[in-house]
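See below for the structure under consideration.
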Amino acid sequence: SSGINAEYGQNRQATVSVVPSAPALIIKALKEPPRDRKKVKNIAHSGNITIDDIIDIARQMRARSGARYLSGTCKEILGTAQSIGCTVDGQPPHDIIDSINSGDIEIPEE
């Protein structure tokens, strides 16, 4: 579900700012060619993104995250990356989550 904020200005024009969903941002980070959604279903996103991409996506998603810290948001994004089927820095996303939990990978506060 995408977060949509509608604001009405003086002349009743709605300005809408959309925060894209985590899967959309991850697929964008994979830099895959755009495809026809009607024709292609259940595609495997077997690409690889970096932990920096994850942190970048987490910062964009921060407002919609239920997590208290950015590291928690990163873990949410990594969970999404796992369900999409891509790898992070060449590893399964869950290994990255374990590395964050054990402190091997440092995530900035903000």
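The values are calculated or read from the model by the stated rules, or taken from the named source; none is laboratory data. Just so we're clear, the structure is a prediction, and the values are computed from it rather than from any experiment. Positions of Cβ are backbone-derived with ideal geometry, glycine not excepted, and every protein chain shown enters the neighbour counts. Note: accessible area is taken over every heavy atom of the protein model, side chains too, but ligands, DNA and RNA are not part of it. Shrake-Rupley method; radii C 1.70, N 1.55, O 1.52, S 1.80 Å.
Details
- In terms of the mean number of neighbouring beta-carbon atoms within 10 Å, the peptides 64-70, 18-24 order highest first as 18-24, 64-70.
- In the assembled protein chains, Asp104 presents an accessible area of approximately 120 Å² (probe radius 1.4 Å).
- The convex hull built on the alpha-carbon positions of the stretch 62-110 has an orientation-averaged projected area of 3.4 nm².
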